[in-house]
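Novice: What follows is a structure written as structure tokens; I'll ask about it next.
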Amino acid sequence: MITGVVVGYDGSKKGVQALDWAAGEARARGVPLTVLHAWNVYVGGPVAVPVVDLQALGQETVDEGVEHVRRAAPELSVRGVLARGPAAAELIDAGRSADLIVLGPRGLGGFAGLVLGSVSAQVAAHAACPVVIVRGDLDAGPGRVVVGVDGSAASRSALELAFAEADARGHSVHAVTAWESVPVKDLPPLADEDGMRAAAEARQARLMIPMRERHPGVDVQAEVVTGSPREVLLAAAADARLLVVGSRGLGGFRGLLLGSVSQALVEHASCPVAVVHEPRPDRDG
């Protein structure tokens with residue numbers, strides 16, 4: 001059973017960024033860090049495959065990642081795990097008991113035309129624990145944690161993570177609700193847009209009360225901003241240290257584990273993005 005923070009590492013430059021971010025996260029949480037690399041035998045069509053010892057190469061990658069972390073953070077408890085199987089499946093399995101999974105946006109196997117690698121997308125969609133996709137500027141020091149709030153179960157979990165992250169790292173929280181203007185013809189009877197927006201602001205304020213009580217030392221800014229959720233959150237996170245979003249908001253379809261808004265954010269945000277699912281009854285522990 002893997003506990004604490006798990007980082008998927010493949011030896012790429014983006015993988016090193018993920019290592020550094022994960023080490024800082026494990027240090028802030030006071031938990032161990034596991035560097036995980038998965039290797040698998042290619043069983044596709046007729047292609048030329050170099051004759052190499054894939055397991056030995058994988059072990060070298062794990063050892064390299066562990067050594068990098070130990071040099072940068074000697075006080076941290078870190079270990080390496082080499083798994084045989086599809087990378088996404090191994091990481092998802094690790095997420096059954098881990099607190100957090102950290103990944104780069106696209107590793108050595110990523111295609112240039114894909115903004116988000118298939119492994120990162122699969123893990124963000126299916127892992128039981130929160131998943132952070134490390135991208136953009138990773139400057140250290142105090143900053144803001146931006147969190148999208150829409151009242152859904154997933155966004156409430158995202159709010160909890162955002163406050164915990166801000167508290168542990170000395171950041172502030174910027175809670176943002178996107179308000180898409182409703183055409184007059186689409187308003188329900190006896191309703192007006194100003195009243196509906198005021199109700200959204202009141203709901204946001206109610207959701208913030210227990211978070212403020214649990215984390216009294218965290219500076220908080222909360223606002224309802226007119227615009228589409230994608231554009232509003234991308235703009236709000238332009239200079240943030242972390243963007244936290246629920247995997248699927250109130251408008252998401254049950255069959256989609258990663259909603260269109262969260263998918264767009266993990267592909268295009270200029271900072272690391274944490275994707276949080278609503279609590280699941282099958283979560284281990």
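Rule-based calculations on the coordinates, nothing more; no lab input. Keep in mind the model is a prediction, meaning the values are calculated, not measured.
Novice: Report the gain in length on full extension from M196 to E213: 0.36 nm times residue separation, minus Cα-Cα distance, nm rounded to one decimal.
Specialist: 3.4 nm
Novice: Extension gain E223-Q59, at 0.36 nm per residue separation less the Cα-Cα distance, in nm?
Specialist: 54.3 nm
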